Amino acid sequence: MTAVIALNGGLVLDSICRIEREFADQLGQSTLVVDLAGVSEVDSTAISLLLQWRRQAVAAKRQLQFRNPPASLLSLAALYGVEEFLQFLND
């Protein structure tokens, strides 16, 4: 079964700890989709969080997809050269 996390609002320093706590239980799903369509603001901590989730998924041999990233997140991922690791998908 595929679990879906829909992130909304800012994915910034002030919200990262809350988001980590809020979705910690769902990160253990064997297949997880993180829908980023509702993300309105990002900073470098957004990239850090998504990379952390990707590393955890790879280590646990789970499937993780990041879908519908906003342009600002794509821009940051390109700036840091990590877009291939995050493997963003668009619906």
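The table that follows gives values for the structure above.
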read-out	value
Residue count for the stretch 9-29, restricted to those that are surrounded by 13 or more Cβ atoms within 10 Å (Cβ to Cβ) and in contact (Cβ under 8 Å) with a residue 24 or more places away in the chain	8
Subset tally (residues that are part of a loop (DSSP other than H, G, I, E, B) and farther than 18 Å from Gln63 by Cβ) for the stretch 76-91	2
Residue check for Val42: surrounded by fewer than 18 Cβ atoms within 10 Å (Cβ to Cβ) and in contact with a strand residue (DSSP E or B) (Cβ under 7 Å, 6 or more places away or on another chain)	no
Residues (closer than 17 Å to Phe23 by Cβ and loosely packed, with under 14 Cβ neighbours inside 10 Å) located in the stretch 53-91	Arg55, Gln56, Ala60, Gln63
Verdict on Leu27 being part of a helix (DSSP H, G or I), among the hydrophobic types (A, V, I, L, M, F, W, C), touching a Phe, Trp or Tyr at 6+ places or on another chain (Cβ under 7 Å) and under 15 Å from Gln87 (Cβ atoms)	no
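Only the coordinates and a few stated rules stand behind these numbers; no lab work does. Computed from a predicted model, the values in this text were never measured in an experiment. No Cβ is skipped: glycine too gets one built from the backbone with ideal geometry, and neighbour counts run over all protein chains shown.
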